[in-house]
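Data block below; observations after.
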Amino acid sequence: MEYKKLTIVISPFQEWLRDIITSQLANIGFDSFVDHNNGVDAYIPANLYHKGELNAVLDEFSEDFAFDVKSELIADRNWNEEWEKNYFKPLVVADECVVRAPFHKEFPHLKYEIVIEPNMAFGTGNHETTSLMLEYILKSDVAGKKVLDMGCGTGILGILCSMKEAKAVTAIDIDQWSFDGALGNTKLNKIFNIDVKLGDAALLGEENYDLILANIQRNVLLNDMPSYNKVLNDGGTLIMSGFYSEDIPAIKEKAESLGLKDAGHQIKNNWVAYAFVKA
């Protein structure tokens, strides 16, 4: 799958505006973002990109701000080089886990070492939502539990759960690139109890889970939360991320309408990870 990379420069630059624009772009199909000093690089599957939708987002702020937008088509063969040169550095999470690529030569040796072959699939750990979810997993007891990872991306969350002795992990993503990447990364880390599936919440219903991880985006979470709830065991935990602090009321209201109990949340640079327990 080819991706569109849009480099958006905001003048005059305001961090709060970058966050708002990023949130709105996520709602129209953009799934990966890299912040820079005067704007953001935003990535979207090329077949989902519509210039009119982008313009509608930016036009809302055009009276007070100017936007310089450059687009680039990212082919499959370019993505590893893109990450290696610019973005993907070894990541340390909570002094317990290091996420690295095969090409990294220097990195700290910690309790958990996850090797990720970088591609366009979201989830190398460097984004706030992924690191928040990793932190939740590190402080959770997942040993012997059945885990569902929705929107698995590179498979990083499920891999850590397996390393922490989860009984079994089901990893689901709608994107072919993510599906292929997650399969490859489970083999790379010698993980054998992760079942990777291509699809969405429509695949749910055959099994039940003790822990569900869903790092997607606000609209998908709101739509699919009832499906997650149906396959979550009593006493099980649902942890969701991929949305902003301003989305907390909507997420909380939907979860509680399903009978899920608020178990707290964490915020990092306005991104949120929220946990709920099924009573």
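The values are calculated or read from the model by the stated rules, or taken from the named source; none is laboratory data. A quick note: this is a predicted structure, and the numbers were derived from the prediction, not measured. Note: ideal-geometry Cβ built from the backbone for every residue, glycine included; neighbour counts use all protein chains shown.
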Requested in this report: Examine the range 204-215 for a residue that is touching a helix residue (DSSP H, G or I) at 6+ places or on another chain (Cβ under 6 Å) and part of a helix (DSSP H, G or I), and state whether such a residue exists.
Outcome: no
Report task. Select from the range 262-279 the residues that are assigned to a strand (DSSP E or B) and not hydrophobic (A, V, I, L, M, F, W, C) and list them in ascending order. Result -> ASP262, GLY264, HIS265, GLN266, LYS268, TYR274, LYS278
Query - Matching option when the condition is out of contact with any Lys or Arg (no Cβ under 9 Å at 6 or more places or on another chain) and surrounded by 17 or more Cβ atoms within 10 Å (Cβ to Cβ), among ASP19, ASP59 - result: ASP19
Report task. Filter the range 108-145 down to residues that are hydrophobic (A, V, I, L, M, F, W, C), in a loop (DSSP other than H, G, I, E, B) and at pLDDT 90 or above and give me whichever is nearest to PHE276 (Cα to Cα). Result -> VAL142
Report task. For the range 8-45, enumerate the residues that are among the small types (Gly, Ala, Ser) and over 19 Å from the mean Cα position of the chain (by Cα). Result -> SER11, GLY39
Query raised in the report: Among LEU222, LEU211, LEU198, which is touching a residue at least 24 places away in the same chain (Cβ under 8 Å), under 19 Å from LYS164 (Cβ atoms) and of a type outside the set (Asp, Glu)?
Result: LEU211
Report task. Hey, can you tell me all the residues within the range 232-279 that are surrounded by fewer than 16 Cβ atoms within 10 Å (Cβ to Cβ), of a type in the set (Gly, Ala, Ser) and more than 18 Å from the chain's Cα centre (by Cα)? Result -> GLY235, ALA250, SER257, GLY259, ALA263, GLY264, ALA279
Report summary line: By residue number, the members of the range 221-241 that are within 17 Å of SER257 (Cβ to Cβ) and in contact with a helix residue (DSSP H, G or I) (Cβ under 9 Å, 6 or more places away or on another chain) are LEU221, LEU222, ASN223, ASP224, MET225, PRO226, SER227, TYR228, ASN229, LEU238, MET240
Report summary line: So, first residue under 10 Å from SER245 (Cβ atoms) and in contact (Cβ under 8 Å) with a residue 60 or more places away in the chain in the range 260-279, second residue of a type in the set (Gly, Ala, Ser) and surrounded by fewer than 19 Cβ atoms within 10 Å (Cβ to Cβ), Cβ within less than 6 Å, six or more apart or across chains; the pairs are ASN270/SER245; VAL272/SER245
Query raised in the report: Of ASN219, ASN215, ASN189, ASN229, which residue is buried (at least 17 other Cβ atoms within 10 Å of the Cβ) and modelled with pLDDT under 95?
Result: ASN215
